[in-house]
Every structure is written in structure tokens, then in C-alpha cells.
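Inspection log for the structure reproduced underneath, given as C-alpha cells.
The values are calculated or read from the model by the stated rules, or taken from the named source; none is laboratory data. Keep in mind the model is a prediction, meaning the values are calculated, not measured. Here the Cβ is made from the backbone with ideal geometry for all residues, glycine too, and neighbour counts use every protein chain on show.
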Amino acid sequence: MRRRGFFTLIGGAAVVWPLLARAQQPAKIHRIFWVSTESQPDPFLDGFREGLRERGYVEGKNFVLELRYATPGNHDALHAVTSELKGGKADLAVSSGPAIRAMRSATNVPVLFAVSGDPIELGLVESLAHPGGNFTGSSFLSLDLAAKRVDLLKEIFPQLRTLAVLSNTDHPGERSEWRTTQRAAQALGINPVYVPFVGARELDNALAMAGNTRADAILVFPEGVTMVHRTRIAQFAVAQLLPSMFGWSKYCEAGGLLSLWCEPTCNILPACDLCRPNSARRKIQPIYPSNSRPNSNWRSILRPPRR
């Protein structure tokens, strides 16, 4: 994900709605909760603030941004944030990654999400046509891109025969992404070796399994856990002399070889709708990616796949 491109998008969407509210309450300073399982310094937060500034919003004047961080798996911390939201202490919540699961019970405040998986399977929306509830946002799940990542690897490394696929199964939409990847690989004469794991606690074992597959390359599904541990995964691939394919540009910044990712485009008006009654909220549709961008980091590996 490109930090500025992605979070400038959300920054604009997240705060357009105060334009409507200010007409009625010009003196109000809106409280925005930023809920994340990342750690500070948070590059995503920098991009979010940058998006606010570009649209003329001044922190402390138009809004206050309250940071709520919790390490992945810290359910008590996330439950405390949810309790604050239920208590009406925020006008808007912005969340991404694993933290979004804990937000589902906060039904009384607009929530903007950014997820790498399927928002329907995650329970954020009822359907694409009729999402219902108080959630809207962006999903980076693209099955077309899942297939294109395999195509790109094969194009760059024509001798690719065995592909290790590292996948966190605790990720909405994972099964669809795996099936798409499997079909794309088999159509190109590649043997895809599924390396599943559940959460960060199983990542080390999964990497060890991937190392034992004698694969010619490794493909890593983009989602919260692999994003948090992207440096460790990239270093593993380099140590194993494995070409690596990821889903977002930040994986390459951490040392990964290749990524193919989406920069979503969306209309910011749905965020305005969040200020309307519940009947109007149910018409807000989530946004899916529309265009792809490749990234590469050729310094991270010195040789082509094994023959």
C-alpha cells in the first residue's frame, strides 16, 4: 500500500461529513478515534493526518484525533475502546486490520474501515448492494490481483515450477484467495504448495514449513498479520534466496522483492451519508479496488529461482 495514496483517501472520506455538521454546529470540534494494532511511529497515521491537512482541516480546531493502540491479540485493550465508542465518546471511528473485528459491536457511531479481506465474511456489511449498519470503507481483496501476482512471477521467472503460498487462514476471504491462486498457478504449470498458519503465533512454524517445500519462489497473501511481520518474512525470503511476491508496496519497503497492489478510488460522499439516519446508512456501499500497481526491490535477491 502506498502510505499517502491510501490514507489520504481515507483521510478525505473520514472528515468530509463535518462539512454537513458544521452548518448546524459551527463551534463543535469533532472527536475521531483512530483504532489500530500498529505501533508508533505509525506511517498510516501520518498519511491520514496529511490527508486532513490537504483538505484544510486543522487538528485542535476542526477536530481532535484520539489514538487508541492495542497490540494484536490484546482483547482487553480493544474491548476498552469499544466501550468508549458505545458510551458516545467519539463522533467517528477509523480502523483497519485486526482491530476492526472488535469494532463490530460499536453500532452507535460511524466507522470507516480499511480491510484486506472480505467485509461480508467479516460481518461488517450484510451485502454489497445493501450493506446496512454503520460501517463503510475500503477492501483490498481482489481475486483478479491474486491471479495476476502468479502471472507476474511466472513472467519474470519463467523457470518457476514450485510456488510456496504463505497464508493466514484467520483472514476473511482467505479461502477464495487461495483457490484463485491455486487455479492460476496450475494453469501456468506451477505447483502451488499451500503453507497455512493461524495468527502470529504460528508464523515461525509456517516459515519453517515454507523453507522445507524446496519452492522456487514464495507468495504471501496481504493481510494484517503478514503486514505487521513483513520485515521478518522478507528477511526469511532473502536468507532462503527465494523471490518473493507480496500484495502491498510496504512489503517491498521492508525488503520484499515484488508486490502487486491496488490503489482504490472512491467517492467520498458515502462518508457524508454516515451522518444521516440509520435508514440512509444502510444504502452505503463498501469500495473495492479498481487499478493495480507493481513494485519491485531487486536488491533483495541475487539470483533467479532454482532449476
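Here are a few things to note about the model shown:
- Flag for ASN134 being surrounded by 15 or more Cβ atoms within 10 Å (Cβ to Cβ), more than 22 Å from TRP261 (Cβ to Cβ) and touching a residue at least 40 places away in the same chain (Cβ under 8 Å): yes
- Test: residue in the range 74-84 that is of a type outside the set (Phe, Trp, Tyr), at pLDDT 80 or above and farther than 24 Å from MET227 by Cβ: yes
- Strands (runs of 3 or more DSSP E) within the range 127-220 that include 1 or more residues within 27 Å of SER95 (Cβ to Cβ) and modelled with pLDDT under 90: 135-139
- Positions within the range 214-233 being touching a helix residue (DSSP H, G or I) at 6+ places or on another chain (Cβ under 7 Å) and over 17 Å from PHE197 (Cα atoms), in sequence order: ALA217
- From the list VAL198, VAL220, the lone residue that is closer than 25 Å to TYR69 by Cβ and surrounded by fewer than 19 Cβ atoms within 10 Å (Cβ to Cβ) is VAL198.
- Single condition SER95 does not satisfy, out of (1) surrounded by 13 or more Cβ atoms within 10 Å (Cβ to Cβ); (2) in a helix (DSSP H, G or I); (3) small (Gly, Ala, Ser); (4) at pLDDT 80 or above: (2)
- Which numbered condition SER127 misses (of (1) assigned by TED's automatic domain parsing to the domain that holds THR82; (2) in contact (Cβ under 8 Å) with a residue 12 or more places away in the chain): (2)
- Matching residues, the range 152-179, being more than 19 Å from the chain's Cα centre (by Cα) and polar (S, T, N, Q): GLN159, THR162
- Criterion (outside the structural domain of LEU257 (by TED's automatic domain parsing) and either over 16 Å from the mean Cα position of the chain (by Cα) or more than 21 Å from GLU253 (Cβ to Cβ) (or both)) met by exactly one of THR231, THR136, THR213: THR136
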